[in-house]
1. How high is the FRET efficiency between Thr50 and Tyr74 when r is their beta carbon distance and R₀ equals 22 Å, given to the nearest 0.05?
2. Going through segment 135-199, which trypsin sites (Lys or Arg not before Pro) have at most 12 other Cβ atoms within 10 Å and a DSSP loop state?
3. Please sort by residue number the chymotrypsin sites (Phe, Trp or Tyr not before Pro) in segment 38-95 whose DSSP state is loop and whose Cβ has at most 12 other Cβ atoms within 10 Å.
4. Cross-link candidates for Lys70: which lysines have Cα within less than 21 Å, leaving aside residues fewer than 8 places away along the same chain?
5. How large is the accessible surface of His61 in square angstrom, using a 1.4 angstrom probe and rounding to the nearest 10?
6. Give the shape of segment 32-134 as rounded, prolate or oblate, defined through the alpha-carbon gyration tensor: a ≥ b ≥ c are the square roots of its eigenvalues, a/c under 1.5 means rounded, and otherwise the shape is prolate if a/b is larger than b/c and oblate if not.
7. Points 7 angstrom from Cα along the Cβ direction at Thr150 and Tyr57: gap in nanometres?
8. Taking H as built 1.01 Å from N, whose amide H comes closer than 5 Å to the amide H of Arg68, not counting residues under 5 places away?
Amino acid sequence: MCSSDLTAQGVTRNTITVAYRITSDPSFQQTLAEIGGAQFADTQADTDRTIVGLAKYFNTHFQFYGRRIKFVFYKGQGSQSNELLGGGQAEAAADALHVASGIKAFADMSAVTEPYSDSLSRDHVLNFGVPYMSRAWFAQRAPYAWSIATDCTGVSEAAAQIGIRQLYGKKAIFAGPALATHVRKIATLAPDNPWYQECVQNGLNYYRRAHLTVQI
């Protein structure tokens with residue numbers, strides 16, 4: 001390949017290279033299920049087969065101006081379970097560096113944790129999947145980090161608005177006879193790490209601005 005064939009990192013006249021990290025975890029969905037104490041039957045093989053099928057579909061039905069998406073699967077050092085719980089920073093950074101400098105990918109479709117997405121963004125690799133980061137988090141990493149999930153700033157704002165307008169101070173009429181006459185209590189649950197707690201505080205501030213009592 002001549003240097004003139006390369007239009008951007010991971011993009012040639014014929015291909016768009018997209019990385020996909022395989023970790024020791026069974027799959028992202030199964031990892032989330034296990035953290036939450038639930039059972040999920042999906043496996044990494046199921047995920048890999050889905051990714052290959054989607055690549056075939058997009059290459060067949062969408063226009064990439066003569067190029068085809070080429071997925072490169074690689075075995076990463078990191079663990080999604082550790083990273084989702086706020087750990088694994090060093091391993092995530094090493095995996096991102098491999099994607100940027102080793103695979104030389106244009107994008108990564110498996111950036112489903114904050115440490116991995118953050119590291120890919122720092123290495124200037126487009127990445128997709130990190131769930132529910134704050135609006136400010138995405139702005140700071142633009143244009144590299146993307147997600148199909150709503151940012152948690154928007155989620156916390158919407159939840160707080162519903163709580164204030166429809167729930168706060170009203171009785172729990174659907175909670176059963178023992179509680180139906182009690183005034184509702186509203187709780188906010190989120191992982192105990194800085195990027196999600198930022199959105200918790202955003203939601204609590206909505207209650208404070210409405211001059212409502214907040215307990216932490």
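1. On the way: r = 17 Å, r/R0 = 0.79.
The computed FRET efficiency comes out at 0.80.
2. Details: sites: Arg135, Arg141, Arg165, Lys170, Lys171, Arg184, Lys185; in loops: Arg141, Lys170, Arg184, Lys185.
Loop-located and lightly packed - Lys170, Lys185.
3. Details: sites: Phe40, Tyr57, Phe58, Phe62, Phe64, Tyr65, Phe71, Phe73, Tyr74; in loops: Phe40, Phe62, Phe64, Tyr65.
Filter output for segment 38-95: Phe62, Tyr65.
4. Cross-link targets: Lys56, Lys104.
5. Its accessible surface works out to 110 Å², give or take rounding.
6. Working: a/c = 2.03, a/b = 1.26, b/c = 1.61.
Note, shape of segment 32-134 comes out oblate.
7. So the two model labels end up 2.4 nm from each other.
8. The answer is Thr15, Ile16.
The values are calculated or read from the model by the stated rules, or taken from the named source; none is laboratory data. All figures in this text were calculated on a predicted structure; none of them were measured in a lab. Positions of Cβ are generated from backbone atoms using ideal geometry, with glycine treated the same way; all protein chains shown enter the neighbour counts. When the accessible area is computed, the model is the full protein with side chains, heavy atoms only, and any ligands, DNA or RNA have been set aside. Shrake-Rupley method; radii C 1.70, N 1.55, O 1.52, S 1.80 Å.
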